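Participant: Got a structure for you, questions after.
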Amino acid sequence: MSRIRSVTASVPGVNRRTVLAAAGAVSLSAGVGYALRPTDSQAATTAEAPVARSRQAPAAAPLAPYTKGTTLASVAAPRGGSGYRRLGDGPGWKRVVRDELAAPKSGRAGRRTTLAAFVQFTDLHLMDVQHPLRLEYLRSRDVHAWRPHEALTVPGAISLVERVNALRGAPVTGAPLHFVMTTGDNTDNNAHSELEWFMKVMSGGRITPDSGAPGHYEGVQNSGLKLYWQPGSATRDHDKALGFPHLEKFLAAAIREVRSPGLALPWYSTVGNHDALPLGCYGSHADPYLAEAAIGGKKLMSVSAADAGKLQDAIKNAKDPKGAGYRDFLKAHARSMRSVTPDEKRAPYTQADYLKAHLDPAHQGHGPVGHGYSSANLDAGTQYYAFRISDDVIGISLDTTDAGGHYEGSVGTAQLKWLDRTLKDNKDSYAVVFSHHTSRTMTNTRPDPARPGEKRHDGAEVISVLSAHANVLAWVNGHIHKNVITPHRASGGRSFWEISTASHVDYPQLARIIELVDNKDGTVSLFTTLIESAAPHRTDYADLSQTGLAALYRELSYNAPGAGTTLAGTAADRNTELVLKKS
């Protein structure tokens, strides 16, 4: 393994990495000899691609250790005993040392040097809640199929950006944070409106989370249907019966313009199934009727529990990957639909649209250009790439979505071979792999319509490739909306940690800081520290400002009927030190 240099102490000069870069000796793309310098990225194609650059976080005086602004200091906690519960400040979560893969050695805190530090966002699920193709009506069968806080995803995500911007560096080492990586499901329904909001949340700008008739909400929350929380009416709906408040001006506030400062760090992007597929489950070549319905003027808001059960069963069991059954379902319920204002901004976006949005200079923010993606990805029709995190660490972003349909994932043969080759060509660098799906949720090997003859590979096969390379430290992902940290051990002493992080749409609405350090004793440690958004834990129903809505977003998510109670994971899945043998 290469000589370790701290990112907090790097100085210009000649070193082995610089020499390799100049010589083009490190290849991160198929068929081309390129070296990635810090903050460069290279698409996985055979064509030459422009190098994406971003600004490094400025060096800062040592600040570590600190807890303020992290879940080490405090975590939102419920007040009261039962029913709808308000939130307040609760005790923080302690750090747990995980030694399944290597024994921690005493005195390491005084010896360690920093390799890298970054933040992971995942499963933001920015939602156009007035979109005609949403599946809210499945709530008649599954109460969690629609959540009362969904109209507030944009102010909630902005508040998370504000939290990261306020961090004083990495909490354990004090190193500057290098970047933010978002590991997919950035949008909820593959809609152009949502994609625009996501890009502005991350890079900065003014956002009006509204579609259809400007300034007029048209959706399930002013429908008068008791199935949904009707915040501004006197309707005694099912959620109010559970204690949800009457907030007369809630919907007007939810679609009002807000402003994101954008991340003060470079950020990178990984694609998830909700980004790539309509409704997160129908193939990228879904029935054209659905694309027309997305921008049309009719919206289904209510079906029987029996009909909802049939549709939900088809989705969960991948019986309708192309959406033909969903088309027939909508047509069968055409008379039950309500009129809404058509809007072309709700159209589904393609893979090319997604890449172009990232490459758009209007959304560059603090970089890098393309946020990991490049024009080579656009030319080749790929959404995976590698980039240099620091002198001794590379990042690899995978595309685990299956364009053939269904919400579980896999990778094609070309990508799996590229992953193996990239790790081999960079054996002198540590590697962190990013994806949306977890190893256990990569079970969908349906062929990609664009590459019908290519085999798809599951999570076990990805683990096998990663385990063959001693430089892999971690596989960081999301998708399951739950904090889970899993050790993976292979023969020959090779091992790595799989770090799955909870979503920012379901309570407890978290993101994760990850720090990589060399303990200078034959071990490496990965520190994980969870963070909440910057919104206060306590809500004020009279405060419907941008910040007030972000606080309400958290409280409503805690109280959402059917919400999972174990998504925070155990203490060993939250704030941790994960120890590995240094190979």
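Read the figures in this text as sums done on the coordinates, not as results from a lab. Computed from a predicted structure; not experimentally measured. Every residue, glycine as well, gets a Cβ built from its backbone with ideal geometry; the counts of neighbours run over all protein chains shown.
Participant: For segment 428-558, how big is Rg over Rh, using alpha carbon atoms and the Kirkwood form of Rh?
Facilitator: Rg divided by Rh gives 1.10.
Participant: Here's something else I'd like to know. Local charge sum around S439 (other residues, Cβ-Cβ under 13 Å, Lys/Arg +1, Asp/Glu -1)?
Facilitator: -3
Participant: What are the principal axis extents of the Cα atoms in segment 498-583, in Å, biggest first?
Facilitator: Ordered largest first, segment 498-583 gives principal extents of 56, 26, 15 Å.
Participant: How far, in degrees from 0 to 90, does helix 413-425 lean away from the longest principal axis of the Cα atoms of the chain, to the nearest 10?
Facilitator: Helix 413-425 sits roughly 30 degrees off the main axis of the chain.
Participant: Stokes-Einstein D for segment 332-379 at 10 °C, 1.306 mPa s, Kirkwood Rh over Cα pairs, in µm²/s?
Facilitator: In µm²/s, the coefficient rounds to 119.
Participant: Now, a different point. Between S464 and A306, what FRET efficiency comes out of the Förster formula 1/(1 + (r/R0)^6) with R0 = 41 Å and r the beta carbon distance, rounded to 0.05?
Facilitator: E between A306 and S464, to the nearest 0.05, is 0.40.
Participant: Sort 117-128, 292-303, 313-324 by packing, meaning the average of other beta carbons within 10 Å per residue, with the highest value first.
Facilitator: 117-128, 292-303, 313-324
Participant: Nothing charged except the Cβ atoms of Lys and Arg (+1) and of Asp and Glu (-1): what's the magnitude of the dipole of segment 462-583 about its Cα centre? Round to the nearest 20 debye.
Facilitator: With only Lys, Arg, Asp and Glu charged at Cβ, the dipole is about 480 debye.
Participant: Further question on the same structure: Working from Cα positions, state the angle (0 to 90°, nearest 10) between the long axis of helix 153-166 and the longest principal axis of the chain.
Facilitator: 30 degrees
Participant: Let me ask something else. Across segment 389-441, what fraction of all alpha-carbon pairs, as a whole percent, falls in each successive 5 Å bin from zero upward?
Facilitator: Binned Cα distances yield the sequence 4, 19, 25, 22, 15, 9, 4, 1.
Participant: What's the whole-number percent of alpha carbon pairs in the chain lying beyond 39 angstrom?
Facilitator: 24 percent
Participant: Compute the acute angle (0 to 90°) between the alpha-carbon long axis of helix 192-203 and the principal axis of greatest extent of the alpha-carbon atoms of the chain; round to the nearest 10°.
Facilitator: 40 degrees
Participant: Note down the nm distance, to one decimal, between modelled labels 7 Å out along Cα→Cβ at N317 and at S491.
Facilitator: 4.0 nm
Participant: Highest first, please rank the peptides 547-555, 559-567 by the mean number of other Cβ atoms sitting within 10 Å of their residues.
Facilitator: 547-555, 559-567
Participant: Over the alpha-carbon set of segment 371-477, divide Rg by the Kirkwood Rh and report the Rg/Rh ratio to two decimals.
Facilitator: My calculation of the ratio gives 0.95.
Participant: Turning to a different aspect of this structure: Could you quote the convex hull projected area for segment 297-438, Cα atoms only and averaged over all directions, in nm²?
Facilitator: Average projection, Cα convex hull of segment 297-438: 11.8 nm².
Participant: I need the Kirkwood Rh of segment 464-539: take the reciprocal of the average 1/r across all distinct C-alpha pairs and report it in angstrom.
Facilitator: After inverting the pairwise mean of 1/r, the radius is 14.2 Å.
Participant: Regarding segment 420-481, what's the average projected area of the Cα-atom convex hull, expressed in nm²?
Facilitator: Reported value for the Cα convex hull: 4.9 nm².
Participant: Mind jotting down the three principal axis lengths of segment 174-305 based on Cα atoms? Whole angstrom, largest first.
Facilitator: On the principal axes, segment 174-305 reaches 52, 40, 29 Å in Cα extent.
Participant: With +1 on the Cβ of every Lys and Arg and -1 on the Cβ of every Asp and Glu, and nothing else charged, how large is the dipole of the chain about its Cα centre, in debye rounded to the nearest 20?
Facilitator: 1320 debye
Participant: Can you list, bin by bin at 10 Å, the percent of alpha carbon pairs in segment 113-203, starting at 0?
Facilitator: Calculated P(r), rounded to whole percents: 15, 39, 26, 14, 5, 0.
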